Each structure stands twice: as structure tokens, then as C-alpha cells.
Amino acid sequence: MTWHILGAGSLGCLWAARLAAQQQSVHLVLRNPDSIAHYQQTPGVALSDASRQHSHHYPVSAQLADHPQPIHKLLLACKAYDAEAAIAQVAHRLGQHSLVILLQNGLGSQQAIQAQLPTVRCIAASTTEGAYLAEPFHSVFAGAGHTWLGDLRPDKQDVPQELLANCQAAGIHCSWTPHIAEHLWRKLAINCAINPLTVLHNCRNGELLTHAPQINTLCAELQQLLTAAGQAAASVDLLQQVWTVIDKTAANSSSMRQDVAHQRRTEISYITGFACAQSKALGCYTPTLNTLHAKLKATLAARGLAST
């Protein structure tokens with residue numbers, strides 16, 4: 001079955017290269033003719049290992065959103081703030097048997113898209129894999145991880161075995177879970193504890209060791225929020241998980257810090273913004289989280305970046 005990938009960022013290109021390497025049919029869906037022209041000047045989607053000692057190019061085809069080809073399997077790998085507009089451009093190409101895999105950071109965009117596509121099966125993905133773009137359409141695989149997949153709608157459906165088999169064959173280590181919300185909330189909390197602080201202190205993940213008291217307090221508040229949101233399972237050992245991620249990714253620069261460094265819009269609204277909104281709605285007392293979000297907004301505004 002054919003794949004379409006909308007969002008040619010680091011993870012979109014990582015998936016495209018891996019799938020194409022296994023001779024699976026893959027099409028990039030690009031935003032405009034200029035993007036198509038730029039892509040056509042390259043040898044294809046490139047994938048390098050972490051040390052960039054080995055690189056391979058895969059001649060994946062590219063098309064625009066208004067292409068007439070129906071979409072059966074769509075990986076939506078764009079930023080959370082672009083997700084709703086992006087899916088609207090290809091909604092007419094989706095049918096009742098289509099699968100849409102949502103690979104966005106934070107929370108909020110996934111639910112909005114499922115509401116936008118009430119008759120389409122939307123599968124949320126939560127991944128610990130790391131990648132970054134060395135240049136357009138060239139992904140560097142920075143760290144192995146695991147991807148959890150699960151239905152957004154609560155109604156029980158058959159596990160999409162063909163989808164899982166396609167991913168596993170392409171070296172995308174994944175598992176199906178009926179509890180995808182737990183994984184999404186846990187990752188949200190970990191991102192809330194790490195990403196904003198790397199921006200505010202302009203540091204790599206490992207340097208957060210010098211800010212341990214702030215992280216410990218933040219995690220205690222996030223645990224309360226997760227429990228209040230009905231996600232108590234996601235709160236178990238949260239502090240330990242945050243420090244494990246910091247240790248394993250010590251040399252890495254968080255995605256939010258990378259966005260700020262490149263003067264790109266961040267996903268603040270879907271990370272600390274979403275968490276603070278939920279905290280207020282649920283009546284949680286999270287002063288450290290709220291202060292962190294306010295400082296992050298001010299920092300972004302001072303750099304001329306969107307703070308929503």
C-alpha cells in the first residue's frame with residue numbers, strides 16, 4: 001500500500017527514507033510548486049547516521065496537496081501549529097478506509113484533527129526517536145527510540161496489523177497500545193519539564209543538572225496535573241523518567257531550543273500552553289508551571305517569535 005507523507009521535516013524525511021529503503025511506495029506531499037522545484041534539484045530524500053559517516057539518497061516522488069491520487073496511509077509529520085491547516089488541504093483525498101498517523105509534539109492538535117475528520121481513522125503517535133535536518137530533505141538519525149501508536153477515538157477497532165508490519169519492516173520500531181493518551185500525556189509532561197528550561201537557560205539537555213530544584217518542583221506539579229486529568233498512570237515515576245531522558249540526551253539541544261536558535265516558531269501552545277490551560281480548567285495549583293510558561297512567552301516575544 002502507498003504512503004503519503006505530509007511534512008518534510010526531520011521525522012517526515014526519516015520515515016520517508018526508511019520506507020523507501022524497503023521498496024515501499026512513498027510520496028512526499030509538499031506545500032507549493034517552489035518546494036517541488038527545490039526538491040527536484042536534490043538526489044531525493046537523504047538519510048545519514050548520527051556521526052554522518054554514511055548517507056544514502058532515496059528518489060521518493062513528490063506531489064502537491066491538490067494531486068488527484070487518493071490517500072490510503074498518511075503520515076502527518078508537520079509542526080503542531082500547522083497540522084489543522086495541512087490536513088484540510090488533503091482532506092478531500094481521504095476516504096473512510098484511510099489511516100492518518102499524527103506525529104505531532106504536545107497535545108491539542110491531534111484531537112482537533114480527529115474532530116476535523118470525524119469519519120477517518122486517526123492514529124496518534126508518540127515517539128522517542130531523535131532526528132534533525134542537516135539541510136532540506138536530509139534527515140540525520142540522531143537517536144534510536146520507540147514509537148507508540150494508538151487510536152484517538154475510544155471506539156474499539158481492529159489493530160492495523162498491515163500498518164505495524166510496514167513500519168517494522170522499515171526499521172521503525174513501534175508497538176500498538178489501547179492507551180495512547182497515557183503515552184501522549186507522559187511525553188507532554190516530560191517536554192514541559194525539559195524543553196522550556198533549555199530555552200530560558202540556553203543550554204543543552206545535560207546542563208539542566210544545575211537546575212535540579214526547579215525541575216523537581218515542576219515535576220511534582222505536573223504529576224498533580226496528570227492525575228487531575230485522569231492520567232494517573234502517566235504520572236508514575238515522572239521525575240525519574242525526566243532525569244533519565246536528560247541523562248540519555250545530555251549532548252542534545254531540545255527541539256524547542258533548536259527552533260528558537262533558527263528563529264522558527266515553537267510549539268509552545270501545544271506544550272506548556274496546553275498544560276497551563278488544562279491546569280486552570282481542572283483547578284490545579286501549578287505556580288511553577290505557570291511562571292515557566294509566562295517567562296517562555298516573554299522570551300519568545302523578545303526575540304520576535306510568536307508566543308502562542
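The values are calculated or read from the model by the stated rules, or taken from the named source; none is laboratory data. Remember, predicted model here, so these are calculated numbers, not experimental data. Neighbour counts run over all protein chains shown; Cβ positions are idealised from the backbone, glycine included.
Scanning region 208-217 for any residue that is crowded, with 17+ Cβ neighbours inside 10 Å, closer than 20 Å to residue 299 by Cβ and within 19 Å of the chain's Cα centre (by Cα) turns up nothing.
Taking into account only those residues within region 137-161 that are closer than 18 Å to residue 76 by Cα and exposed (fewer than 15 other Cβ atoms within 10 Å of the Cβ), which is modelled with the lowest pLDDT? Only one residue tops the list, namely 153. Of all residues in region 160-193, those satisfying the criterion of being over 15 Å from the mean Cα position of the chain (by Cα) and farther than 21 Å from residue 2 by Cβ are 173, 175, 176, 177, 178, 179, 182, 193. Over 25 Å from residue 1 (Cβ atoms) and without any contact (Cβ under 8 Å) to a residue 40 or more places away in the chain: is that true of residue 62 in this structure? Taking the combined requirement at face value, the residue does not satisfy it. The helices (runs of 4 or more DSSP H) found wholly in region 200-308 and carrying at least 3 residues that are free of Cβ contacts under 8 Å to residues at least 60 places away in the same chain and out of contact with any strand residue (DSSP E or B) (no Cβ under 6 Å at 6 or more places or on another chain) occupy 212-228, 232-235, 238-248, 272-282, 287-302.
Scanning region 28-40 for residues that are in contact with a strand residue (DSSP E or B) (Cβ under 7 Å, 6 or more places away or on another chain), closer than 30 Å to residue 112 by Cα and buried (at least 23 other Cβ atoms within 10 Å of the Cβ) turns up at least one hit. Of the residues in region 246-257, none is surrounded by 18 or more Cβ atoms within 10 Å (Cβ to Cβ) and among the acidic types (Asp, Glu). Quick check, is residue 72 more than 20 Å from residue 134 (Cα to Cα) and surrounded by 15 or more Cβ atoms within 10 Å (Cβ to Cβ)? Yes: the conditions hold for residue 72.
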